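Every read-out reported here was derived from the displayed coordinates using simple, explicitly stated rules and does not represent laboratory data. This is a predicted model, so every value here is computed, not measured. Here the Cβ positions follow ideal geometry from the backbone for every residue, glycine too, while neighbour counts run over all protein chains shown.
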Amino acid sequence: MNNQLLFALDIGTRSVVGLVGELENGIIKLVASDREEHHTRAMLDGQIHDVQEVAEVLASVKTRLEATTGKLTKVAVAAAGRALCTLKISATLDTASHGALTAEDERSLELAAIQTAQAELATSGTVPEPSDYYCVGYSVISFSLDGTHIKSLVGQRGKHSAIEVIATFLPRQVIDSLQSAIQRVGLEMATLTLEPIAAINVLIPSTMRHLNLVLIDVGAGTSDIAITRDGSVIAYGMVPFAGDEITEAISQQFLLDFNVAETVKRQVGGNHKKISFTDVLGMSQKVSVKAVIEAMTPKVGELAQALATEILALNTECPQAVLLVGGGALTPLLPEALAKALAMPASRVAIRRPDSIEGITGIPASLCTPDSVTPLGILKLAGGRTLNFINITLNERTIRLFNLSRLTVADALLAAGIDIRTLRGRPGMGLTISVNGETRFIAGSHGTPGEILKNNQPAKLNDALQDQDTIVVSLGTDGTAPAPLLKDTIPAMKPLPVTIDGKKYLLEQPITVNGTPAAPNTVLCDRDQIYANPKLTLRQALTQLNLEPDPTEYVYQINGAERAYTIWPKYSINNVLAAPDTLLTSGNIIEILKLPPPTLAEVLGINTPNSDSSLTVLFNGTPCSIPIYRHTVMVDGHHADISLPAPSGSAIDFTTTTALQPLISDVLLAVGL
């Protein structure tokens, strides 16, 4: 920054705090500070809702600071943990040929881990639009060298170094509104961090992180949480519940303007026994501090329970101690309520003030308050290794990338949520079919590769990026799935020559798809079952030629009732009687037989004698069947022999009598004498 000056802004839901420090030999000397509250509720839950209103407050703070320090152009800021997304990520580095590791090697490993976190967020499906999330900070959990945990890699030698970090991401709307307000007052965002990261760097140095401690920054709109254990920060969290809810409870109870209720809340912690105010009806009231506390107590309990729930979810157990900072930390009864919600001694929950901070000098008494911890932390981090930005344009969309050492085109595509695999164009999906039980694969067409232009010049994925670069990406085109025709998959079969009733025919051999006859131009689909059967039956041939005859039906009036008699067609192949399922061969001669009408015996069912209807005797040593029943048949009023044809439409009268005892004459009649 200009003249070694570090400028930090804590843009909170309730107020804006600006600090300017001079960096010399690694120590920051505080030279100016300023604070101003928002005139309206321009911010809610850490999110800027009225950019213009917030920008006016920023301009006022900046102007007053510049009266002491001179022109300020770059600023360090922090974001509240609204809609926070955290990822625990590891990265490795082959250091066998590096010699003694340097601070730059350690930094490269940190940035590699952040880049890995960005890639995982883009592909994990954790958030709906990964390109709409920015990495706003990270904390190193541990370093290791050749499998051994180590505090720092600098100066060490080894084959493999590794790092584990917690990377934090916020929605771009949180960052973009912050950036917009800053730009309106002529400032450039130099570095960005997360509010709990800033606070924890002030109050919980690395020498204290072996303890299981919870730091809670209770602001006006959000309560940000950071947890340490085993020498590192293990988790960050956020509860969208803070001081404004307490103020709302007072406002509702006593019918107060929000700003008046905020003033009343702040007076509760003083030496007042009674508090005077004017409600929205214009009536002056004077109530006891006890009454105000009673109005606050339910919401304080809700806040404590919400914080306890989030802490236990992140830490999985009750911590050793809880440190409260931020303006909301001064809320009466909050430490006691939180201790009760966590089932821990009240003495283990305490409000912390920045009485002394390692690396910062000249802190005035006005900043030794709980709500000054975060702005002092932002100032301290402003001179360290925090994240900064470069701006690029990708397909006419502005993308802000954190300057992770050497940024490439691939990083820009990743930040924009573009899957790099879509640049190549995928081949079309192939088809798998079965032909006569044999599996065949038909491939799809090849995809068309996309194109990348950087500043109107062809570029590769590993090309380096600079601030204000313009990238145009055209995605690849996927190949298409095949649509093969049946005739292209299996060759047409030779027709089968046959003769039917003296006329020659050429029969098409049947090809079926999924059991259904198919035409040569049928489009095949995936998993189709195709059968080309060279065997054709007589029935299939007649159906194909539309020659299959219908059965002949004869209708009669038998003893006054209408009856039907059906004769099914019969066929011969090469003069031999054949069934419809008979397989055909080349040159078969087929005849559709002309069948005579049925006989009276067939229609009446009396042409087949059995043991119940006849008596068997021996005549000259030869068995002879003598009918027991005698049939009398009249056709259209005339006697008729049962062996005669029965014309359709005839009226048949049929009677049967039983012979009590067959006579010799019956035997002679049966043998034809």
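Output the 0 to 90 degree angle, nearest 10, between the alpha-carbon long axis of helix 103-124 and the longest principal axis computed from the alpha carbons of the chain.
40 degrees
Could you tally the net charge around Leu453, taking each other residue with its Cβ under 13 Å from the Cβ of Leu453, Lys/Arg +1 and Asp/Glu -1? Please report the intermediate quantities before stating the final value.
On the way: positive: Lys454, Lys460; negative: Glu396, Glu451, Asp463, Asp469.
Summing Lys/Arg as +1 and Asp/Glu as -1 gives -2.
Helix 373-382 against the longest principal axis of the chain: what's the angle in degrees, Cα atoms only, rounded to the nearest 10?
80 degrees
Can you tally the net charge around Ala198? Count Lys and Arg as +1, Asp and Glu as -1, for every other residue whose Cβ sits under 10 Å from the Cβ of Ala198. Please report the intermediate quantities before stating the final value.
Details: positive: Lys380; negative: Asp10, Glu195, Asp217, Asp224.
Charge balance near Ala198 sits at -3.
Determine the dipole magnitude for segment 277-371: charges of +1 sit on the beta-carbon of Lys and Arg, -1 on that of Asp and Glu, nothing else is charged, the reference point is the Cα centre, and the result goes in debye to the nearest 20.
Computed charge dipole of segment 277-371: roughly 240 debye.
Using +1 at the Cβ of each Lys and Arg and -1 at the Cβ of each Asp and Glu in segment 391-474, identify which of Gly437, Asn462, Ile452 lies farthest towards the dipole's positive end.
Gly437
Of Asn521, Ile27, Asn315, which is farthest along the charge dipole of the chain in the positive direction, counting Lys and Arg as +1 and Asp and Glu as -1 at C-beta?
So the residue furthest toward the plus end is Ile27.
So, counting K/R as plus one and D/E as minus one, what does the shell of residues with Cβ under 13 Å around Gly428 add up to?
Numbers: positive: Arg426; negative: Asp478, Asp526.
After counting each charged neighbour, the total is -1.
Counting each DSSP H run of 4 or more residues in the chain as -39500 (n - 2.57), what helix-only mean residue ellipticity at 222 nm follows after dividing by all residues, to the nearest 500 deg cm²/dmol?
-7500 deg cm²/dmol
Provide Val289, Val373, Val20, Val61 in ascending order of the number of other Cβ atoms located within 10 Å of each residue's Cβ, fewest first.
On the way: Val289 18, Val373 30, Val20 25, Val61 21.
The most exposed by this proxy come first: Val289, Val61, Val20, Val373.
When a/c reaches 1.5 or more, the comparison of a/b and b/c decides; with that in mind, is segment 391-474 rounded, prolate or oblate per its Cα gyration tensor?
Verdict is prolate for segment 391-474.
Going down the table (Lys74/Lys151; Lys29/Lys74; Lys286/Lys340; Lys494/Lys594; Lys535/Lys594), which pairs top 23 Å between alpha carbons?
Distance filter (> 23 Å) returns Lys74/Lys151; Lys286/Lys340; Lys494/Lys594; Lys535/Lys594.
With angles folded into 0 to 90 degrees, how steeply does helix 172-184 sit against the dominant principal axis of the chain? Use alpha carbons for both and round to 10.
40 degrees
Give me the dipole magnitude in Debye, nearest 20, for the chain about the Cα centre, with unit charges on the beta carbon: positive for Lys and Arg, negative for Asp and Glu. All intermediate terms of the calculation are to be shown ahead of the outcome.
Values: 51 positive and 67 negative charges, 283 e Å.
In debye, rounded to 20, the chain gives about 1360.
Given Pro569, Leu547, Thr622, which one lies farthest toward the positive end of the charge dipole of segment 501-651, if we put +1 on the Cβ of every Lys and Arg and -1 on the Cβ of every Asp and Glu?
Projecting each Cα onto the dipole axis, the largest value belongs to Thr622.
In segment 281-325, which GluC sites (Glu not before Pro) are in a loop and have at most 10 other Cβ atoms within 10 Å, using DSSP for the loop call?
Passing both the DSSP loop test and the Cβ count: Glu317.
Decide, for segment 283-376, between rounded, prolate and oblate: order the square roots of the alpha carbon gyration tensor eigenvalues as a ≥ b ≥ c, take rounded if a/c falls under 1.5, and otherwise choose prolate if a/b is larger than b/c, else oblate. Kindly include the intermediate steps, with their values, before the conclusion.
Values: a/c = 2.52, a/b = 1.10, b/c = 2.28.
Oblate is the answer for segment 283-376, as a/c is 1.5 or above yet b/c matches or exceeds a/b.
Using the per-residue mean of other Cβ atoms lying within 10 Å as a proxy for protection, in what order, highest first, do the peptides 542-554, 138-150 fall?
The peptides rank, most packed first, as 138-150, 542-554.
How large is the charge dipole for segment 7-132, taken about the Cα centre, if only the Cβ atoms of Lys, Arg (+1) and Asp, Glu (-1) carry charge, to the nearest 20 debye?
320 debye
Report which label in (1) 161; (2) 401; (3) 183 holds the value of volume of the Cα convex hull per residue in Å³ derived from the coordinates of this structure.
Comparing each candidate, only (2) matches the computed number.
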